[in-house]
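The values are calculated or read from the model by the stated rules, or taken from the named source; none is laboratory data. It should be emphasised that the depicted structure is a prediction, and the values quoted were computed from it without experimental measurement. Every residue, glycine as well, gets a Cβ built from its backbone with ideal geometry; the counts of neighbours run over all protein chains shown. Side chains included, ligands, DNA and RNA excluded: accessible areas come from the protein's heavy atoms. Shrake-Rupley method; radii C 1.70, N 1.55, O 1.52, S 1.80 Å.
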Amino acid sequence: MRKVLSFVLVLSLVLGSFGMAFAAPLSDMAGEKSEDAVNVLTQLGVVSGYPDGSYKPGNIVTRAEMAVIVVRALGLADYAAGTANFSDMGGHWSNPYVAYATSLGIIAGYPDGTFRPDNTVSYDEAATMLVAALGYNADSLTGTWPANFVVKAKSLGILDGIKAGAAGANRGDIAIMTFQTLDAKIGSTDKDGKWTAND
């Protein structure tokens, strides 16, 4: 069943909890452009720091990590289960998340049947996953990949302040992109390629 929680609902839950005690801030985020996004997403359980208390915003995100971030941002981590139908996912720690994200149409593998979970995720791929999480697909967008998804991401404000491209996306920018997706409407694309917002 293709039913996802609204990013807006998730955001309202975290904003409503600001009066509660927060965990100690990550040691290397003060003054970083992604500081606010990381703080909110950390409290939501969407992203996390390292055991040493740092976040390392410059570290590059993998395709598997991005799949996990998107599923968590949707509030659907508890539903992540199953085995991904990719030849290189056997035994991988992210397998349930990749399987679930695939079932939702958020991610796709390569023509050779692999997902390459440990490859770095590009900005184009990350933007595609976030836009797909909102219910858009190639049929509802104009043009070819990656331009079609990147253009939609820009129009939704997901890429505000981010320089998209084929390079590997870092943890700070991914946090900003995910945070900027929180207030976007979620919908679905019908068989005629028309995207409609959920009620």
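Counting residues in the range 138-147 that are closer than 25 Å to residue 190 by Cβ, polar (S, T, N, Q) and free of Cβ contacts under 8 Å to residues at least 24 places away in the same chain gives one or more. Close contacts from the range 36-59, counting a first residue that is touching a residue at least 24 places away in the same chain (Cβ under 8 Å) and a second that is assigned to a helix (DSSP H, G or I) and charged (D, E, K, R), with Cβ to Cβ under 6 Å and a gap of 6+ residues or different chains, come to 46/72; 57/171; 59/171.
The set of residues from the range 151-176 being under 15 Å from the mean Cα position of the chain (by Cα) and of a type in the set (Gly, Ala, Ser) comprises 153, 157, 164, 168, 169, 172, 175.
Inspect all residues belonging to the range 11-31 and state whether any of them is in a helix (DSSP H, G or I), of a type in the set (S, T, N, Q), open to solvent by less than 80 Å² (accessible area, probe 1.4 Å) and at pLDDT below 95. Checked against the condition, which is being in a helix (DSSP H, G or I), of a type in the set (S, T, N, Q), open to solvent by less than 80 Å² (accessible area, probe 1.4 Å) and at pLDDT below 95, the range 11-31 yields at least one hit.
Restricting attention to the range 142-187, report how many residues are outside any loop (DSSP other than H, G, I, E, B), of a type in the set (D, E, K, R) and open to solvent by 40 Å² or more (accessible area, probe 1.4 Å).
2
One residue stands out in the range 63-85 among those that are crowded, with 18+ Cβ neighbours inside 10 Å and of a type in the set (Val, Ile, Thr): the one that is farthest from residue 171 (Cα to Cα), namely 71.
So is residue 139 in a helix (DSSP H, G or I) and surrounded by fewer than 18 Cβ atoms within 10 Å (Cβ to Cβ) or not? Considered against the rule, which asks whether it is in a helix (DSSP H, G or I) and surrounded by fewer than 18 Cβ atoms within 10 Å (Cβ to Cβ), residue 139 comes out as yes. For the range 57-86, give me each residue that is out of contact with any Asp or Glu (no Cβ under 8 Å at 6 or more places or on another chain) and either closer than 14 Å to residue 117 by Cα or among the aromatic types (Phe, Trp, Tyr) (or both). Once the filter is applied, which keeps residues that are out of contact with any Asp or Glu (no Cβ under 8 Å at 6 or more places or on another chain) and either closer than 14 Å to residue 117 by Cα or among the aromatic types (Phe, Trp, Tyr) (or both), the range 57-86 yields 60, 61, 65, 67, 68, 69, 79, 83, 84, 85, 86.
Against the list (1) over 14 Å from residue 62 (Cβ atoms); (2) not in a helix (DSSP H, G or I), the condition residue 130 fails is (2). Here residue 88 qualifies as over 24 Å from residue 185 (Cβ atoms), open to solvent by 20 Å² or more (accessible area, probe 1.4 Å) and outside any helix (DSSP H, G or I). Within the range 91-119, restricting attention to residues that are of a type in the set (Phe, Trp, Tyr) and in a loop (DSSP other than H, G, I, E, B), the residue that is most open to solvent (accessible area, probe 1.4 Å) is 93.
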